[in-house]
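Inspection log for the structure reproduced underneath, given as structure tokens.
The values are calculated or read from the model by the stated rules, or taken from the named source; none is laboratory data. Values in this document were obtained by computation on a predicted structure and should not be read as measured data. A quick note on method: Cβ atoms are made from the backbone with ideal geometry, for glycine too, and the neighbour counts reach across all protein chains shown. Calculation scope for accessible area: heavy atoms of the full protein, side chains included, ligands and nucleic acids excluded. Shrake-Rupley method; radii C 1.70, N 1.55, O 1.52, S 1.80 Å.
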Amino acid sequence: MSTVRFREVPKSRIDRVLDHAYLVFHEEDERPGEREFLRRCERTGAYEDDHLVGFLGALPLDLSIPGGQLPCAGLTYVSVAPTHRRRGVLSGMLQEQWRRCAAAGQPLAALWASETAIYGRFGFGAATHLSSVEIDSRRPLALRISPDDRPLRLLDPKEAPAVLGPRYEAGRALRAGRHARDGYWWREQILSEEDEDDDELGPPRIVTLGGNPPAGYAVYRTRAGDDEAGTPGLVHLHELEADTAPVAAALWSYLAGIDLTGKVRAWSRPADDPLLLMATDNDQVQVTGTYPALWLRLVDVPAALAARRYARPVDLALDVQDATLPANQRTFRLTSGPSGTACTPTEDRPDLTLDVRDLAACYLGGVRPVHLLRAGLLTEHTADSVRALDEALRTEYLPFTSDEF
Ligand SMILES: CC(=O)SCCNC(=O)CCNC(=O)[C@H](O)C(C)(C)COP(=O)(O)OP(=O)(O)OC[C@H]1O[C@@H](n2cnc3c(N)ncnc32)[C@H](O)[C@@H]1OP(=O)(O)O
């Protein structure tokens with residue numbers, strides 16, 4: 001390990017990163033837009049002599065948190081050469097990343113994990129979860145409310161960032177865990193001509209309802225059915241945003257009513273999607289799975305805790321355990337009330353003890369401290385302190401992340 005050094009990979013060496021990533025992730029071909037994506041990242045390389053043996057990309061993001069947003073390093077392309085596994089290369093790259101986060105003023109880091117066993121030890125907790133939903137659309141979608149009857153229109157993808165952006169931002173303000181999108185993100189990540197995971201899906205289609213900005217929209221692709229195999233045509237939903245339940249009902253009804261299709265599949269919906277309650281028949285609208293989405297790391301615990309909004313006044317001394325970032329390994333007093341919010345180190349006796357990964361899981365409001373207590377993961381020193389933290393962290397909408405990076 002002593003010969004491995006960490007330094008920025010220059011833009012001119014992105015070819016080398018791609019070769020390394022294909023080796024590690026068992027891929028052959030460059031995906032469209034991959035180079036531009038890597039150019040936008042900070043790029044930490046682990047070098048042995050002059051050979052790249054590890055790589056970690058960090059995309060600068062603005063992540064929504066309850067009541068606002070914070071700068072966040074979106075970690076991606078995390079990879080170590082098969083010859084250098086389990087020698088501390090990832091650990092070293094993350095230490096380098098924490099230094100970079102401090103320098104860049106990023107109190108948060110986040111990632112989508114390839115394997116859930118990897119990141120807990122580094123202080124990440126699964127902070128958002130998503131549900132995949134399927135609608136049997138061989139019959140009309142049965143809903144308990146009347147859809148908004150304003151006209152629907154199809155939108156040219158070129159208009160999407162300007163027209164959809166404000167509606168997306170409104171949804172992002174309600175649900176923590178979503179990052180701000182620029183024109184590049186809309187164009188290359190949301191509306192790319194081909195779906196990188198399924199080349200049988202058609203180009204992106206956008207339907208909107210209401211004025212400008214629209215009251216709601218859906219981004220979807222379709223796949224033709226196969227009569228011989230008896231497979232119905234598919235509507236693959238990427239995103240649906242709506243400002244009211246009737247608007248959502250109109251968009252879901254539209255998707256379920258597209259001719260020559262018999263199934264709507266949405267792989268990333270919030271776990272509290274109102275569709276699940278407005279559906280008349282939960283055999284027709286089914287949750288087919290629930291998954292961890294965004295893994296969050298509080299790189300700067302007091303800055304992160306001081307930045308979010310709390311549902312109730314709170315005054316607690318939190319003993320935070322953080323094995324890898326010593327500045328977080330201490331007791332902080334969190335106070336929030338009518339005169340503001342603060343989180344500062346204290347010598348007071350702690351009210352409760354928790355690991356930084358569990359604090360990260362709770363931070364956006366998706367995991368409840370009372371459930372962690374029940375699982376034996378928090379230690380309560382002052383009666384009812386976990387309940388007080390639970391009530392303060394609660395959010396009206398569950399956090400949600402659909403954009404993978
Ligand atoms: C956000 C993303 O990009 S997700 C993509 C992650 N990348 C991949 O899955 C690609 C294939 N895997 C790899 O490249 C590497 O094995 C990595 C990046 C997962 C780990 O890199 P390494 O340099 O081997 O990790 P490192 O040696 O620093 O290990 C640190 C600790 O994590 C543990 N660890 C590493 N990988 C795993 C794993 N897959 N599952 C469970 N624990 C793991 C190690 O055992 C070690 O624990 P220890 O100190 O108790 O022994």
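Taking the stated definitions as given, is residue 201 crowded, with 20+ Cβ neighbours inside 10 Å and more than 22 Å from residue 400 (Cα to Cα)? The answer is no for residue 201.
With the structure loaded, tell me whether residue 32 is in contact with a Ser or Thr (Cβ under 8 Å, 6 or more places away or on another chain) and either over 16 Å from residue 84 (Cα atoms) or open to solvent by less than 10 Å² (accessible area, probe 1.4 Å) (or both) or whether it fails that test. It is true that residue 32 is in contact with a Ser or Thr (Cβ under 8 Å, 6 or more places away or on another chain) and either over 16 Å from residue 84 (Cα atoms) or open to solvent by less than 10 Å² (accessible area, probe 1.4 Å) (or both). Residues that are loosely packed, with under 15 Cβ neighbours inside 10 Å and within 30 Å of residue 80 (Cβ to Cβ) within region 114-166 comprise 114, 115, 116, 117, 118, 121, listed in sequence order.
Taking the criterion of being within 6 Å of the ligand (Cβ to nearest atom), among the hydrophobic types (A, V, I, L, M, F, W, C) and under 14 Å from the mean Cα position of the chain (by Cα), the only residue of region 43-91 that qualifies is 75. Among the residues of region 54-106, those that are among the charged types (D, E, K, R) and touching a residue at least 60 places away in the same chain (Cβ under 8 Å) comprise 62, 87, 96. In the set 218, 248, only one residue is surrounded by 20 or more Cβ atoms within 10 Å (Cβ to Cβ), modelled with pLDDT of 95 or more and not in a strand (DSSP E or B); that residue is 248.
Close contacts from region 108-124, counting a first residue that is farther than 18 Å from residue 400 by Cα and a second that is small (Gly, Ala, Ser) and near the ligand (Cβ under 8 Å from one of its atoms), with Cβ to Cβ under 6 Å and a gap of 6+ residues or different chains, come to 119/113. For region 101-113, residues that are open to solvent by 10 Å² or more (accessible area, probe 1.4 Å) and either modelled with pLDDT under 95 or more than 9 Å from the ligand (Cβ to nearest atom) (or both) total 6.
Listed here are the helices (runs of 4 or more DSSP H) enclosed by region 261-365 that have at least 3 residues being over 26 Å from residue 145 (Cβ atoms): 301-307, 356-363. Scan region 77-100 for residues that are open to solvent by less than 10 Å² (accessible area, probe 1.4 Å) and polar (S, T, N, Q) and the total you get is 2.
Spot the failing condition for residue 294; the list is (1) over 30 Å from residue 357 (Cα atoms); (2) touching a Gly at 6+ places or on another chain (Cβ under 8 Å), and only one is missed. Of the numbered conditions (1) over 30 Å from residue 357 (Cα atoms); (2) touching a Gly at 6+ places or on another chain (Cβ under 8 Å), the odd one out for residue 294 is (1).
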